[in-house]
1. Which of (1) of a type in the set (D, E, K, R); (2) surrounded by fewer than 20 Cβ atoms within 10 Å (Cβ to Cβ); (3) within 17 Å of ILE2 (Cα to Cα) is the odd one out, the single condition ASP21 does not satisfy?
2. I'm trying to understand the selection: among the residues of the range 77-107, which are farther than 25 Å from ASN26 by Cβ, hydroxyl-bearing (Ser, Thr, Tyr), in a helix (DSSP H, G or I) and within 14 Å of the chain's Cα centre (by Cα)?
3. List the residue pairs whose Cβ atoms are under 9 Å apart, where the first residue sits in the range 9-24 and is at positive phi, the second is of a type in the set (Phe, Trp, Tyr) and crowded, with 18+ Cβ neighbours inside 10 Å, and the two are 6 or more positions apart or on different chains.
4. Does GLN47 count as open to solvent by 60 Å² or more (accessible area, probe 1.4 Å), touching a strand residue (DSSP E or B) at 6+ places or on another chain (Cβ under 6 Å) and in contact (Cβ under 8 Å) with a residue 24 or more places away in the chain?
5. Would you call ALA14 open to solvent by 50 Å² or more (accessible area, probe 1.4 Å) and among the small types (Gly, Ala, Ser)?
6. With under 14 Å from LEU19 (Cα atoms), open to solvent by 50 Å² or more (accessible area, probe 1.4 Å) and in contact (Cβ under 8 Å) with a residue 12 or more places away in the chain as the only criterion, which of SER52, SER86 stands out?
7. Which condition number does LEU61 fail, the rest of (1) aliphatic (A, V, I, L, M); (2) touching a Lys or Arg at 6+ places or on another chain (Cβ under 6 Å); (3) open to solvent by less than 20 Å² (accessible area, probe 1.4 Å) being met?
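The values are calculated or read from the model by the stated rules, or taken from the named source; none is laboratory data. The model shown is predicted, which means the values in this text are computed figures rather than measured ones. Cβ atoms come from the backbone with ideal geometry, glycine included; neighbour counts cover every protein chain shown. Accessible surface is based on the protein model in full, side chains and every heavy atom, while ligands, DNA and RNA are left aside. Shrake-Rupley method; radii C 1.70, N 1.55, O 1.52, S 1.80 Å.
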Amino acid sequence: MIELNKDNFDDMVAQGIVLVDFWSENCELCKELMPDIHQLADAYRGQVTFCSLNIQGNRRLAMAQKVMGLPSIVIWQNGERTIHLSGEDLDSEQIRQALETLLHGTA
């Protein structure tokens, strides 16, 4: 997982398929989801770049990306924001399905 901040964010989402996990140390759901996201990162290695952005210290960047709630997973394809998953019921299966749809057109 690549840690993102305002200095490297634009460069990292510019090419390929990039998943960004927006999280905060105060978000219990974010921390519960994190091990599943790491497993997905292993499963999709070489196909998807997995990054994380702690909104603490990067709140303006998160707001600029229209991330208003946590947990939030946003997926970019070649610099274009394509999928935004968010909410208290977010789980790893929803993330996997979004990746499958983006990669193969199927869930």
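1. Among (1) of a type in the set (D, E, K, R); (2) surrounded by fewer than 20 Cβ atoms within 10 Å (Cβ to Cβ); (3) within 17 Å of ILE2 (Cα to Cα), the lone unmet condition for ASP21 is (2).
2. Within the range 77-107, none qualify.
3. These pairs meet every condition: GLY16/TRP76.
4. For GLN47, the condition - open to solvent by 60 Å² or more (accessible area, probe 1.4 Å), touching a strand residue (DSSP E or B) at 6+ places or on another chain (Cβ under 6 Å) and in contact (Cβ under 8 Å) with a residue 24 or more places away in the chain - is not met.
5. For ALA14, the condition - open to solvent by 50 Å² or more (accessible area, probe 1.4 Å) and among the small types (Gly, Ala, Ser) - is not met.
6. SER86
7. The number of the failed condition is (3).
Let's see how each residue does on (1) surrounded by fewer than 18 Cβ atoms within 10 Å (Cβ to Cβ); (2) touching a residue at least 12 places away in the same chain (Cβ under 8 Å); (3) farther than 16 Å from HIS84 by Cα:
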position: MET1; (1), (2), (3): yes, yes, yes
position: LYS6; (1), (2), (3): yes, yes, yes
position: LYS31; (1), (2), (3): yes, no, yes
position: GLN39; (1), (2), (3): yes, yes, yes
position: GLY57; (1), (2), (3): yes, yes, yes
position: LYS66; (1), (2), (3): yes, yes, no
